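Below: the structure, in structure tokens.
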Amino acid sequence: MKRALILLALLMISLGCAKVNYIGVSYPPTQQVDLYLSEYDVSTDYKVIGRIVATARVTSELFSDQEFQEKIMKKAREKGADGVIILGFDHVLAVTHDLDPRGCVNSDVSERRQVEALAIKYGL
């Protein structure tokens, strides 16, 4: 019974995890990051320094929109952004393939939620 509870907890944790990727230029970390829902909302000059993509399984009830936002904001602070512009939310299909010991191909298709954002730096 105890083993089953541990396995269940590990499963819930793995389903609730989001993967956050960043591609772009990094600056010294910042403490404050402003959130924008449109490029037109930014009232000062800025430069896009990178793109942030956060992805999590759709089946995960553990990962809310607020948690997506927090992960994106954290990544932006780490990369030295002054602001984040949310580009949109999507559902994507992820297909993975692997070979089993007999040489057979195993495929897995899973639906994932994805949020994309631009990391911006003011005054560059």
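Each reported figure results from applying straightforward, stated rules to the coordinates on display, with no laboratory input. Bear in mind the structure is a predicted one, so any value in this text is a computation, not a measurement. Cβ sites come from the backbone with ideal geometry, for glycine too, and all protein chains shown count toward neighbours.
Couplings 3J(HN,Hα) of the range 67-81, computed from phi: 5, 4, 4, 4, 5, 5, 5, 4, 4, 4, 4, 4, 8, x, 6 Hz, in residue order, whole Hz [Karplus 6.51 cos²θ - 1.76 cosθ + 1.60, θ = phi - 60°; x for Gly and Pro]. Close amide-amide hydrogen proximity is noted between residue 87 and 116, 117, 118, each under 5 Å apart and 5 or more residues distant or on a separate chain (H modeled in the peptide plane; Pro and chain starts excluded).
Using the Karplus relation 6.51 cos²θ - 1.76 cosθ + 1.60 with θ = phi - 60°, the per-residue 3J(HN,Hα) values for the range 25-34 come to 9, 10, 10, x, x, 10, 8, 10, 10, 7 Hz, with x marking Gly and Pro. May I ask you to derive the FRET efficiency for residue 124 and residue 67 from their Cβ-Cβ distance with R0 = 35 Å, giving the value to the nearest 0.05? The formula returns an efficiency of 0.75 here.
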